[in-house]
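Following: one structure in structure tokens, then a few remarks.
The values are calculated or read from the model by the stated rules, or taken from the named source; none is laboratory data. Just so you know, these numbers come straight off a predicted model, no measurement behind them. Methodologically, a virtual Cβ is constructed for each residue, glycine included, from the backbone with ideal geometry; neighbour enumeration extends over all protein chains shown.
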Amino acid sequence: MADIPLREQLREAHSTIEKLQAENDLLRAENEALDDRVSRLEAQLKADSSTTGKPPSSDPIGPRKKRAERRAEARAENRRRGKQPGAPGANLQRRRADVVAEHKPVCCGCCGADLAGAQVVGTHVRQVIDLPPVVPIVTDHVAYCLRCACGAETIGDFPPEARAPVCFGPEVRSFATYLLDRQHLPVERTAELLEDLLGVKVSTGWLCALQAEAAGRLTPFLAWLRDRLVKEPVVHADETGTAVGTTKHWAHTLTTKLLTLIAVHPRRGLQALNDIGVLNAYAGTVVHDGYASYDLFTGATHAQCNAHALRHLKSVGEAGAFSVWADIMTGVLMDAKTASEAAASAGRRAVDPGRATAVRDAYHAGLDNVFALLPLGPPPRRTARPRWSEAERKAWNLATRLRSDADQFLRCLDDTRVGWDNNVAERALRMVKLHDKISGPFASLSGAEAFAAVRSYLQTAANC
């Protein structure tokens with residue numbers, strides 16, 4: 001009987017040990033989950049425009065300063081700033097003069113004698129380009145009322161610009177639209193500038209109505225633009241967020257090197273692309289950043305932006321285990337760019353088959369190498385065991401995408417008209433982001449749509 005208390009003590013000890021082991025396992029799992037979360041948050045904090053699709057303007061001051069320092073170092077190694085030794089100078093070109101102002105010396109610079117009537121032996125000319133004083137021209141249009149011998153009275157017709165008892169003419173209207181949609185001035189500042197120039201108070205409501213009128217006049221142009229884009233062999237597509245009031249909307253673009261269509265829509269995905277009405281009937285090649293909604297248009301061939309792939313490769317390469325692979329894949333994608341551009345410069349529609357095969361073989365060999373470094377996929381849930389590190393998850397996700405969409409990333413080898421990147425579309429949307437920064441959010445969806453219509457016209461005209 002004396003050993004019973006000992007058995008109970010042992011039983012209690014075993015029970016305590018089991019509880020402690022269970023608590024230890026729970027704490028270890030929680031600790032691993034927290035480590036995983038910390039690593040993901042640290043990766044988000046380190047992310048900038050060089051490793052993600054974020055715009056450079058969103059980068060913290062640190063990365064921006066480092067980029068500026070690297071550019072300064074590169075300039076110091078290659079050349080000094082400003083005009084280079086031996087480079088030809090660049091000056092304003094002379095134009096045909098509207099006014100000639102003559103300046104003759106009054107007396108001799110040596111002896112002081114009067115030079116009236118002295119012989120002219122040469123001239124020196126300097127040209128000044130300036131603006132005349134801005135003075136509004138006010139025109140009274142008088143429509144006479146004439147009485148016929150039959151007794152009927154007929155009033156003369158006013159010209160189209162005389163649409164009210166007192167109104168602004170076509171030059172003022174076009175200049176105001178230019179300030180709003182090309183220079184991105186806020187409505188209030190545009191009204192202030194016009195008031196300073198014209199000496200007449202300008203209503204912000206009139207400016208908003210003017211922009212809507214300009215967009216309405218562009219309806220035939222936009223219809224023509226959509227029809228032209230449908231027939232283009234290659235179209236670049238992209239989208240970016242923009243604020244309308246307090247709600248996020250999306251500015252979409254479908255563009256080529258010559259044509260630019262911009263549209264604002266409350267949605268980002270399939271509904272917006274259907275409403276814009278180009279990709280529905282498009283059968284060429286659409287270049288995009290891999291957003292899934294574009295893949296739903298199966299009538300088109302697809303190509304993806306390699307510049308986005310390079311940013312993701314740089315992000316994955318920050319982990320030492322995958323840095324070599326990231327460098328290899330970056331080199332392969334750059335080889336594809338070089339091969340496509342060289343073939344295009346030579347007037348060929350596709351890259352030489354031998355070189356294209358070599359690039360593809362290197363591409364897939366690189367993917368085989370990274371999958372050999374990774375555990376068998378796909379990655380398990382974050383709470384499952386064995387755990388995958390955040391670097392392994394990022395590498396597997398990127399490698400899987402590069403493998404499944406290999407034909408889209410290497411499309412430029414098959415058709416040299418297809419861009420290696422999607423910069424054409426990103427440049428088309430840059431002015432939307434600039435407008436957001438200068439003028440702030442759009443007050444209404446109709447105002448955003450009017451801006452998009454005018455910008456489509458202006459950017460297409462500038463490209464042509």
From the list VAL134, VAL99, VAL121, VAL172, which one is β-branched (Val, Ile, Thr) and at pLDDT below 90?
VAL134
Give me the pairs: first residue in the range 27-48 and charged (D, E, K, R) and at pLDDT below 75, second residue in a loop (DSSP other than H, G, I, E, B) and loosely packed, with under 12 Cβ neighbours inside 10 Å, beta-carbon distance under 8 Å, and six or more apart or on different chains, which are they?
ASP48/PRO60
Could you please find all residues in the range 196-236 being β-branched (Val, Ile, Thr) and under 18 Å from THR460 (Cβ atoms)?
THR219, VAL230, VAL234, VAL235
Please give the number of the condition ASP157 fails out of (1) in a loop (DSSP other than H, G, I, E, B); (2) surrounded by 15 or more Cβ atoms within 10 Å (Cβ to Cβ); (3) of a type outside the set (A, V, I, L, M).
(2)
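Just to be sure, is PHE371 of a type outside the set (S, T, N, Q), under 27 Å from PHE322 (Cβ atoms), in contact with a helix residue (DSSP H, G or I) (Cβ under 8 Å, 6 or more places away or on another chain) and surrounded by 20 or more Cβ atoms within 10 Å (Cβ to Cβ)?
On the way: of a type outside the set (S, T, N, Q): yes; under 27 Å from PHE322 (Cβ atoms): yes; in contact with a helix residue (DSSP H, G or I) (Cβ under 8 Å, 6 or more places away or on another chain): yes; surrounded by 20 or more Cβ atoms within 10 Å (Cβ to Cβ): no.
Answer is no for this residue.
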Would you pick out the residues in the range 272-304 that are of a type in the set (Val, Ile, Thr) and either over 22 Å from the mean Cα position of the chain (by Cα) or assigned to a loop (DSSP other than H, G, I, E, B) (or both)?
VAL278, THR298, THR301
All conditions in (1) in contact with a helix residue (DSSP H, G or I) (Cβ under 9 Å, 6 or more places away or on another chain); (2) closer than 25 Å to LEU259 by Cβ; (3) assigned to a helix (DSSP H, G or I) are true of HIS249 except (3)
Read through the list (1) under 22 Å from THR301 (Cα atoms); (2) free of Cβ contacts under 8 Å to residues at least 24 places away in the same chain; (3) surrounded by 18 or more Cβ atoms within 10 Å (Cβ to Cβ); (4) among the small types (Gly, Ala, Ser), then give the number of the only condition that SER404 fails.
(3)
Could you check how many residues of the range 203-247 are among the small types (Gly, Ala, Ser) and closer than 28 Å to TRP420 by Cβ?
2
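From the list CYS167, CYS148, which residue is free of Cβ contacts under 8 Å to residues at least 24 places away in the same chain, touching a strand residue (DSSP E or B) at 6+ places or on another chain (Cβ under 9 Å) and either surrounded by 10 or more Cβ atoms within 10 Å (Cβ to Cβ) or over 24 Å from ALA209 (Cα atoms) (or both)? Walk me through how you get there before you give the answer.
Values: CYS167 fails: touching a strand residue (DSSP E or B) at 6+ places or on another chain (Cβ under 9 Å).
The match here is CYS148.
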If I ask for residues that are over 16 Å from GLY284 (Cα atoms) and either part of a loop (DSSP other than H, G, I, E, B) or out of contact with any Phe, Trp or Tyr (no Cβ under 6 Å at 6 or more places or on another chain) (or both), which ones from the range 259-271 would you list?
THR260, LEU261, ILE262, ALA263, VAL264, PRO266, ARG267, ARG268, GLY269, LEU270, GLN271
